[in-house]
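Undergrad: Take this structure, written in structure tokens, and hold onto it; I'll ask about it next.
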Amino acid sequence: MGFWSGYRASLKPLEVEEPIDVYVHRPLAYVLARACFHLPISPDFITLLSIVFGLASAGSLISTFPHHLQVGGLLLFGSAVLDCADGQLARMRGTSSVFGRMLDGVADLFTVGAAAPATVWVIYCLLDLPLWQRLAVVGLCVLTMVTSSFHTTMYDHYKNVFLRLTGPFQEGEDYESARARREAKTGQSFVETISYPIYLFYLKSQRDYVMKFDPWTSARLTSFPRYDEARGAIYRATAGRAMNVWRVVFGFGSMVFGLALFNAVGHPEIYLVYRLIVLNAVFYLYLRPLQRKASREAFQKMKLVLPDQDGEGRLAIA
């Protein structure tokens, strides 16, 4: 298989891939995955390495050595590349697993959980303002982190729904399935002992927010019907526009790239304003009503809505 054909085969469907990943992170990740293909290096090891890079990035950002912001930005960018490489290597080897996907999600939380607060510290140190004003800015930074977590969580949900309904993919896992899988295990490794509580907390938080954001979708991914070409065409036509917005601006890759870039140039406060004002305006005023409308129409057309007494209907898969 040629380089570019192999690269294309290592991707998820382009309908859900983030452009920043397709054109920046994943080409570099593919080179790394090809280099590791015949070596005794597992995708899980690369995932753990991405955590190390993410933590090292945070440490660099809060340090004071020369060019520490540039080094921190570069390490964070490297973490994003490694985060892509693990999945690509697994797909190239045909060794994708539920545990690998869980570990990959936990790695994302570790990375952003370290890099985002470190970025807040950078902003705090850069401000030449009275203490109360600096603390107010920190409060806005915390608000930005919280709302940004909503952005990436919802992108992750709708990406998984899109993949399950438009193709033979079993992407993603719901909270109930993950909890049952954990309870069925008779023993856990050290990594699993650390990963499961974090992973389950994320899935439960995602489930709870999904129904507040859009009551016409379902967080129970395992309850979705098996792929059907007719249903897939309906969902693609109805929800494709919203999915395009999700993948372009609200994914994890674009968030990490922005943190890396604006820290490296010494102005992370610009990225704060962008995410807090611009992206939240798009998220709540445009994308939320668009997605709700798309979900309702799609599930009604797919005949996955049951009628009820008030005529509104309810999801048969909720």
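Here, each number is a calculation from the coordinates, and none is a lab measurement. For clarity, every value in this text was computed on a predicted model and none was experimentally measured. Heads up, the Cβs are rebuilt from the backbone with ideal geometry, glycines too, and the neighbour counts pull from every protein chain shown.
Undergrad: Specify the angular offset, from 0 to 90 degrees and rounded to the nearest 10, of the alpha carbon long axis of helix 26-36 from the longest principal axis of the alpha carbons in the chain.
TA: Taking Cα atoms only, the helix is inclined about 80 degrees.
Undergrad: Binning at 10 angstrom from zero up to the longest distance, how are the C-alpha pair distances of the range 186-318 distributed in percent?
TA: 10, 29, 31, 21, 9, 1
Undergrad: What are the ³J(HN,Hα) values, in whole Hz, obtained from phi via the Karplus relation 6.51 cos²θ - 1.76 cosθ + 1.60 with θ = phi - 60°, for each residue of the range 162-171 in sequence order, with x given for Gly and Pro?
TA: Going residue by residue, I get 4, 5, 5, 8, 10, x, x, 10, 10, 6 Hz, with x marking Gly and Pro.
Undergrad: As a test of understanding, state the convex hull volume per residue of the range 1-62 from its alpha carbons, in Å³. Display every interim value, and only then the final one.
TA: Details: hull volume 6.7 nm³, N = 62.
Expressed per residue, the convex hull around the Cα atoms of the range 1-62 is 108 Å³.
Undergrad: Evaluate the relative contact order of the chain (contact order divided by residue number), counting alpha-carbon pairs under 8 angstrom at least 6 apart; express in whole percent. Show your work: numbers first, answer last.
TA: Values: 376 pairs, mean separation 74.6, N = 318.
About 23 percent, as a whole number.
Undergrad: If you take all C-alpha pairs in the chain, what percent of them are over 24 Å apart?
TA: Values: 28624 of 50403 pairs.
Here the tail beyond 24 Å accounts for 57 percent of pairs.
Undergrad: Between the DSSP loop rule and a limit of at most 16 other Cβ atoms within 10 Å, which trypsin sites (Lys or Arg not before Pro) in the range 200-295 are left?
TA: Working: sites: 204, 207, 212, 220, 226, 231, 236, 241, 247, 275, 292, 293; in loops: 220, 226.
Taking the range 200-295 and a limit of 16 other Cβ atoms within 10 Å, the loop trypsin sites (Lys or Arg not before Pro) found are 220, 226.
Undergrad: Can you return the lysines within cross-link range of residue 212? Criterion is Cα-Cα under 29 Å, with same-chain partners fewer than 8 residues away left out.
TA: Leaving aside lysines fewer than 8 places away in the same chain, those within reach of residue 212 are 12, 159, 204, 293, 301, 303.
Undergrad: Compute the long axis of helix 252-264 from its Cα atoms, compare it with the longest principal axis of the Cα atoms of the chain, and write down the angle in degrees, 0 to 90, nearest 10.
TA: Computed tilt is about 10 degrees.
Undergrad: OK, next. If R₀ is 51 angstrom, what is the calculated FRET efficiency for the pair residue 9 and residue 131, using the beta carbon separation as r and rounding to 0.05?
TA: On the way: r = 55 Å, r/R0 = 1.07.
It comes out at approximately 0.40.
Undergrad: Stretched out fully, how many nm does the piece from residue 38 to residue 23 gain, at 0.36 nm a residue minus the Cα gap?
TA: 2.9 nm
Undergrad: Divide by every residue of the chain the summed helix terms, -39500 (n - 2.57) for each DSSP H run of at least 4, and state the resulting mean residue ellipticity at 222 nm, rounded to the nearest 500 deg cm²/dmol.
TA: Numbers: 12 runs with 216 residues, N = 318.
That calculation yields -23000 deg cm²/dmol at 222 nm.
Undergrad: Another question, then. Measure of size requested: the Rg and Dmax of the range 56-110, with Cα atoms as the atom set and Å as the unit; please supply both.
TA: Answer for the range 56-110, Rg first and Dmax second: 14.2, 44 Å.
Undergrad: Another question about this same structure. Going by alpha carbons, how many degrees (0 to 90, nearest 10) lie between the helix axis of 229-249 and the longest principal axis of the chain?
TA: The angle comes out at about 20 degrees.
Undergrad: Which cross-chain or sequence-distant (5 or more) residues have an amide H under 5 Å from the amide H of residue 315, H modelled 1.01 Å from N in plane?
TA: So residue 315 has HN proximity to 306.
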